[in-house]
């Protein structure tokens, strides 16, 4: 097992102890539903180029991927919302 995988397992175990059991069970169930939907196969895969897009940032200001890439690498994070 890689160091990253070990860290992820440790994080999940710590979460299981910290998060109420019913909440954690809900999170696990929703994750299973997402995986069963096939969404992972439709997502941009490792090594693929993301399509250009414009979305509002946390301040409501539109941000365009192509324009941001002109300044260097970009990390895109989507907040799915509260569980």
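The values are calculated or read from the model by the stated rules, or taken from the named source; none is laboratory data. Since we're looking at a predicted model, the values are computed, not measured. Heads up, the Cβs are rebuilt from the backbone with ideal geometry, glycines too, and the neighbour counts pull from every protein chain shown.
Here are the numbers:
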| item | result |
| --- | --- |
| Residue check, residue 7 surrounded by 10 or more Cβ atoms within 10 Å (Cβ to Cβ) and within 30 Å of residue 68 (Cβ to Cβ) | yes |
| Scope region 49-83; condition touching a strand residue (DSSP E or B) at 6+ places or on another chain (Cβ under 8 Å), at pLDDT 90 or above, in a loop (DSSP other than H, G, I, E, B) and exposed (fewer than 10 other Cβ atoms within 10 Å of the Cβ); matching residues | none |
| Residues that are surrounded by 11 or more Cβ atoms within 10 Å (Cβ to Cβ) and over 27 Å from residue 13 (Cα atoms), drawn from region 28-48 | none |
| Close pairs (9 angstrom Cβ cut-off, 6 or more residues apart or separate chains): at pLDDT 90 or above in region 1-21, not in a helix (DSSP H, G or I) anywhere | 9/1 |
